[in-house]
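Beneath this line is the structure, given in structure tokens, with notes to follow.
The values are calculated or read from the model by the stated rules, or taken from the named source; none is laboratory data. Model, not experiment: these values are computed from the prediction. For neighbour counting, all protein chains shown are included, and Cβ atoms are generated from backbone atoms with ideal geometry for every residue, glycine included. Side chains included, ligands, DNA and RNA excluded: accessible areas come from the protein's heavy atoms. Shrake-Rupley method; radii C 1.70, N 1.55, O 1.52, S 1.80 Å.
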Amino acid sequence: MNKKDKFFYGWWIVIASFMIMTFLYTPIVNLVSLYTKPVTEELAIGRTQFNTYYTIMALVSMVACPIAGKLMRKYDIRLYLTVCTVLGALSYIGFAFSTKLMHFYLLAIPMGISLAGAAIIPTSVLITNWFVDKRGLSLGIALSGSGFGGIILSPINNWIISTFSWRASYLITGISILVLIVPFTMFVIRFSPADLGLLAYGENKVSTNKKSKELVGITQSQAIKSVSFWALCLAIVVSGVVVNSMIVNLSPYLTDIGASAQTAALILSLSSAMVIVGKLYVGRIFDKLGLKTVLLIIGISNIASFVFLLKGNLLIPAVLYAVFTGFGATAVTVTPSYITASLYGEKEYGAKYGIVSLFSSLGAAICPIVSGSIYNINNSYTTLLYVLIVLALVATGLFLLAAKTKPKFEGDQAN
């Protein structure tokens, strides 16, 4: 039974999810560029060849996402998460001893499984299971671990690479995953409140047994037959291109238009900090303002960020870009998990969100191809920015279409 005078156990789930996002998700997704130059120079391989391992990892993650959503319900969550986390740790430890390009390609496979199976899917599923009230806030806190990780791990790993070697950085990262995350997966995380005889935060009825209450919503098979679901999936693919394009190209764009390398580094760091603020704030206003209003705010933020970035060689517009991109980036972080539960309910949430996450991974995977092709039209990032403004408008329209056409179900409380 939930008691207001006691610390709600679900907050431990939020803390554990935050740790996973900080020390597993961040190294896999956000720190790739730190290793490109030292690894390629020592192993005498091309940068494009080396970065192909990331594409392999993203594609494996994309395939693993819908499978992970189903496996979470089938097996003990502690065993499941521990195995997936260890796969990520072993991939990094393997990188430390790699001597050939093929080693990176092969190790990208378990890394992709780990990303989907331990970070992308479980974080959202667990928070959805444990929270009815404050779900958006809880998601924001948990997912902000990726921004926090970017702030603290980037300089730490850069120092390790410069002082020791890239191999030492990979090794320490792998060991850190084992030491900092596995204790949470083994001893802290539980799949749902019912596992401890509790209710989710915000549930009003008292549970007298350990059986889960009947979840409201539509099934995965019902969801995939709706226009709303596919509008959502397409919105997330487009948003993946919108959000990730300038993450990949920001530094060269800023230096191309006259900003100093120091300014570019400052804006990158500020952007990571604003990602934390954006996730926390957007998660909270989802709970307070409603779905459609927040979707408009996110879309406007993305558009504003690119408008300011057109003058990114000037400090104030560059800072404003960082501020607005922190909110716009939530289109592929907090929003997919929150909107899936809001539009289609909690029934078979893991399976439904697994498909949604597949499209999120697809957006990230095709982003370098799309942005690179647009840049090559006239070797201009300015053209890319104008295209991204249009795509941000398209994504916002698709999100709103998904909300407008959502299927009706008993117990529906979505805005």
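Details
- Lone qualifier among SER138, SER165, SER146 - being surrounded by fewer than 22 Cβ atoms within 10 Å (Cβ to Cβ), of a type outside the set (A, V, I, L, M, F, W, C) and under 30 Å from ALA364 (Cα atoms): SER165
- When restricted to residues that are buried (at least 21 other Cβ atoms within 10 Å of the Cβ) and either aliphatic (A, V, I, L, M) or out of contact with any helix residue (DSSP H, G or I) (no Cβ under 8 Å at 6 or more places or on another chain) (or both), segment 42-59 contains 2.
- Exclusive hit being open to solvent by 30 Å² or more (accessible area, probe 1.4 Å), assigned to a loop (DSSP other than H, G, I, E, B) and either of a type in the set (A, V, I, L, M, F, W, C) or under 13 Å from MET19 (Cβ atoms) (or both), set LEU180, LEU198, LEU171: LEU198
- Subset of segment 361-376 [open to solvent by less than 20 Å² (accessible area, probe 1.4 Å) and of a type outside the set (A, V, I, L, M)]: SER361, GLY363, CYS367, SER371
- Conditions (1) closer than 24 Å to PRO122 by Cα; (2) open to solvent by 40 Å² or more (accessible area, probe 1.4 Å); number of the one not met by MET102: (1)
- If you check LEU107, LEU115, LEU87, LEU81 for being open to solvent by 30 Å² or more (accessible area, probe 1.4 Å), closer than 16 Å to VAL182 by Cα and touching a Ser or Thr at 6+ places or on another chain (Cβ under 6 Å), only one passes: LEU87.
- Checked against (1) within 23 Å of SER360 (Cβ to Cβ); (2) within 19 Å of the chain's Cα centre (by Cα), TYR80 passes all but a single condition, namely (2).
- Checked against (1) among the charged types (D, E, K, R); (2) in contact with a helix residue (DSSP H, G or I) (Cβ under 7 Å, 6 or more places away or on another chain); (3) free of Cβ contacts under 8 Å to residues at least 40 places away in the same chain, LYS37 meets all criteria but (2).
Residue-wise test of (1) in contact (Cβ under 8 Å) with a residue 60 or more places away in the chain; (2) of a type outside the set (A, V, I, L, M).
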| residue | (1), (2) |
| --- | --- |
| LEU79 | no, no |
| VAL83 | no, no |
| ALA89 | yes, no |
| ILE93 | yes, no |
| HIS103 | no, yes |
| ALA108 | no, no |
| ILE113 | no, no |
| ALA118 | yes, no |
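- Check on VAL39, within 21 Å of SER360 (Cβ to Cβ), open to solvent by less than 60 Å² (accessible area, probe 1.4 Å) and in a helix (DSSP H, G or I): no
- Within segment 338-360, the set of residues being among the small types (Gly, Ala, Ser) and either open to solvent by 10 Å² or more (accessible area, probe 1.4 Å) or in a helix (DSSP H, G or I) (or both) comprises ALA341, SER342, GLY350, ALA351, GLY354, SER357, SER360.
- The residues of segment 68-85 that are of a type outside the set (S, T, N, Q) and touching a helix residue (DSSP H, G or I) at 6+ places or on another chain (Cβ under 7 Å), listed by number, are ALA68, GLY69, LYS70, LEU71, MET72, ARG73, ARG78, TYR80, LEU81, CYS84.
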